[in-house]
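To start, the structure itself, in C-alpha cells.
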Amino acid sequence: MTDPKHKLALQTRIVQPKDDITPGFESFSVPVARASTVVFPDLASMRSLVWSDDSKWRYGLHGTPTTIALTQRLAAIEGGEFALLQPSGLAAISNVYFGLIRAGDHVLIPDNAYGPNRDHADWLAEDFGLEVSYYDPMIGAGIAQLIRANTKLIWLEVPGSVTMEVQDVPAIASVARARGIVTAIDNTYSAGLAFKPFEHGVDISVQALTKYQSGGSDVLMGATITRDEALHRKLKRARMLLGIGVSADDASLVLRSLASMKVRYEAHDRAAFALAQWLKTRPEVAAVLHPAIEDCPGHAFYACDFTGGAGGLFSIVFDARYSTVQVDAFVEALELFSIGWSWGGAHSLAMPYDVRSMRTASNWPHDGVLVRFYIGLEEVRDLQADIEAAFAAAFA
C-alpha cells in the first residue's frame, strides 16, 4: 500500500487521476466506452471469467458497455435474443462461415445473393475445401432436391439486393429445419424493420449496419443476430478467435441513428415506390423490379411476409433496344443520383449491372441492361426531373 504521506508526481496524477464525476448525470445518448484493457478489481474476478458470459467484461475487443448497448437494441428490433457486432456486413457473413462451417461441408446460396457472399464462398471452396452450390432463388420447397448428406448451411436473401426476387422463406426454412440444417438470411434490405426472419423459421439474420442503421453513408459495421444460444456461442467463439471487433466510436454513431431509422426507412419507402410506379409508365423501361409491385418475382411472398414496406432500393431493366453504352450514358447524365454501391443514407444512388454475368444457377429473363436505384431523402419531384433529363440526354 502506498504511504498516504507520499505525494504523487504530476505525471502519475495525470495518468491515474482521481476523477470525481458529478453523480446523477443522464442524457439520451449512450456514453462512448473506449477500451482495449479492461481493469479487474482483483485476481479472483479475473480468474472467474467465462468467455461466453456477456455480463462480465473481459477485453475491449470482445465488448464494452457501448457495443453491448447496440447489440441489445439490434436484437430487439429484429426479434432476436443475441447479437454480435462485426466491422462490416461482409465480416458478419464471414463470421457465419467460420463459426459454423468446416472443410467438406456443403452450403447452398441463392443465385441472386450479394456478390461478395458469392466471392467469399467461392474462395472458401477453392482454398479451404468447402462445397458450394447456387440455387434458383424462387425454388421454394424444391430446395429439398438440392440438399446433400453434408449440407450444413442454407443462405437466403430477401429480396435479392440487385434483382429483387423475394424468396419463399418459410418454405425453405421449413425444409432446412426438418433436416437439421442451419439457415442464415441476409436481411439488410429490410433493416430488420419490414421482415422478421425468426418469425418465419430462419436461424440467423445477418445485417450490414453500414446501411439504414448508420444512415449517414459514413460507418462500416455488420451484425449477426439469432434466437439460438448455441449458434450464438459458436459465432461468438469464432469472432473472438478471429480477433473481430468494432470501435466504440463507430458503435455510438450507429446508436445515435437507430432512433430515427424507422422514420427514415418509411420516407425512403414512400419515395421509392412513387418513382417505381412512375418508371413503369416510361417507354424506355421494360421492367420495374420492386417487391411491392405485383409483377416483381416473389411479390406474393412480399405481400404475405413483409409488414413494413420495402425501403428505398429497387431496380429497372431498360428496353433491349438501348445498348450498354447508352445506359451508361444515362447513369452518368444523372445529377442528383451519385454512382456508388451501398445504400441506406440520405443521398440517392444509381448503378448499372450485367446480371447474366452474375448468374450460374438460374435463368435471367431480361435482355436489357439493369440499373439499380437507391432513393435517398431528396424531394421526389426533383429526382423524377433528374431521371427525365437523363433519359433525354442519353436516348435522344
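Taking Phe330 as the residue in question, decide whether it is of a type outside the set (Val, Ile, Thr), touching a Ser or Thr at 6+ places or on another chain (Cβ under 8 Å) and touching a residue at least 60 places away in the same chain (Cβ under 8 Å).
Working: of a type outside the set (Val, Ile, Thr): yes; touching a Ser or Thr at 6+ places or on another chain (Cβ under 8 Å): no; touching a residue at least 60 places away in the same chain (Cβ under 8 Å): yes.
Spelling it out, it is not the case that Phe330 is of a type outside the set (Val, Ile, Thr), touching a Ser or Thr at 6+ places or on another chain (Cβ under 8 Å) and touching a residue at least 60 places away in the same chain (Cβ under 8 Å).
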(message) Conditions first: (1) over 29 Å from Arg179 (Cα atoms); (2) at pLDDT 90 or above; (3) among the β-branched types (Val, Ile, Thr). Val50 passes all but one, so which condition is the exception?
(response) (2)
(request) Specify which of the listed residues (Ala223, Ala194, Ala184, Ala208) is over 25 Å from Gly340 (Cβ atoms), buried (at least 21 other Cβ atoms within 10 Å of the Cβ), modelled with pLDDT of 95 or more and among the small types (Gly, Ala, Ser). (result) Ala184
(request) Return the total of residues in region 119-131 being within 26 Å of Ser342 (Cβ to Cβ) and either buried (at least 19 other Cβ atoms within 10 Å of the Cβ) or not assigned by TED's automatic domain parsing to the domain that holds Thr226 (or both). (result) 3
(request) Tell me which of these Ser357 doesn't satisfy, since it passes every other one: (1) more than 23 Å from Asp218 (Cα to Cα); (2) of a type in the set (Gly, Ala, Ser); (3) touching a Gly at 6+ places or on another chain (Cβ under 6 Å). (result) (3)
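Does at least one position in region 381-394 carry a residue that is in a loop (DSSP other than H, G, I, E, B) and either modelled with pLDDT under 95 or surrounded by 17 or more Cβ atoms within 10 Å (Cβ to Cβ) (or both)?
Of all residues in region 381-394, those in a loop (DSSP other than H, G, I, E, B) come to none.
Taking every residue of region 381-394 in turn, none turns out to be in a loop (DSSP other than H, G, I, E, B) and either modelled with pLDDT under 95 or surrounded by 17 or more Cβ atoms within 10 Å (Cβ to Cβ) (or both).
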(message) Return the residues of region 71-113 that are within 13 Å of Ile185 (Cα to Cα) and of a type in the set (Asp, Glu); say none if nothing qualifies.
(response) Glu78
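Go through Asp136, Asp203 for me and flag whichever is closer than 27 Å to Ala286 by Cβ and in contact with an Asp or Glu (Cβ under 8 Å, 6 or more places away or on another chain).
Working: Asp203 fails: closer than 27 Å to Ala286 by Cβ.
Matching residue, one of Asp136, Asp203: Asp136.
Hey, could you check region 352-380 for residues that are of a type outside the set (Val, Ile, Thr) and in a helix (DSSP H, G or I) and say which is farthest from Val325 (Cα to Cα)?
Taking region 352-380 as the starting set, the residues that turn out to be of a type outside the set (Val, Ile, Thr) are 352-354, 356-359, 361-368, 370, 372-374, 376-379.
Then keep just the ones that are in a helix (DSSP H, G or I); that gives 356-358.
On the way: Arg356: 17, Ser357: 17, Met358: 19 Å.
Looking at residues that are of a type outside the set (Val, Ile, Thr) and in a helix (DSSP H, G or I), I get Met358.
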(request) Can you work out which of the residues in region 55-68 that are surrounded by 17 or more Cβ atoms within 10 Å (Cβ to Cβ) and among the small types (Gly, Ala, Ser) is farthest from Phe40 (Cα to Cα)? (result) Gly63
(message) Whether any residue in region 319-341 is surrounded by 13 or more Cβ atoms within 10 Å (Cβ to Cβ) and under 19 Å from Glu165 (Cβ atoms) is what I want to check.
(response) no
(request) Would you be able to tell me the number of residues in region 85-144 that are of a type in the set (Asp, Glu) and within 15 Å of the chain's Cα centre (by Cα)? (result) 0
(message) Taking the conditions exactly as written (among the hydrophobic types (A, V, I, L, M, F, W, C), out of contact with any helix residue (DSSP H, G or I) (no Cβ under 6 Å at 6 or more places or on another chain) and not assigned by TED's automatic domain parsing to the domain that holds Ile139), does Phe306 satisfy them or not?
(response) yes
(request) With a cut-off of at least 3 residues that are among the aliphatic types (A, V, I, L, M) and more than 30 Å from Tyr59 (Cβ to Cβ), name the helices (runs of 4 or more DSSP H) lying wholly within region 233-351. (result) 248-279, 324-333
(message) Out of everything in region 324-347 that is among the small types (Gly, Ala, Ser) and modelled with pLDDT under 95, what residue ends up being nearest to Ala208 (Cα to Cα)?
(response) Ser342
(message) Of the conditions (1) at pLDDT below 80; (2) surrounded by 12 or more Cβ atoms within 10 Å (Cβ to Cβ), Phe25 satisfies every one except a single condition; which number is it?
(response) (2)
(request) Quick one: count up the residues across region 69-81 that are in contact with a helix residue (DSSP H, G or I) (Cβ under 7 Å, 6 or more places away or on another chain), surrounded by fewer than 21 Cβ atoms within 10 Å (Cβ to Cβ) and not acidic (Asp, Glu). (result) 3
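The values are calculated or read from the model by the stated rules, or taken from the named source; none is laboratory data. None of the values given here were measured: they were computed from a predicted structure. When we count neighbours, we look across all protein chains shown, and the Cβ atoms used for this are built from the backbone with ideal geometry, even at glycine.
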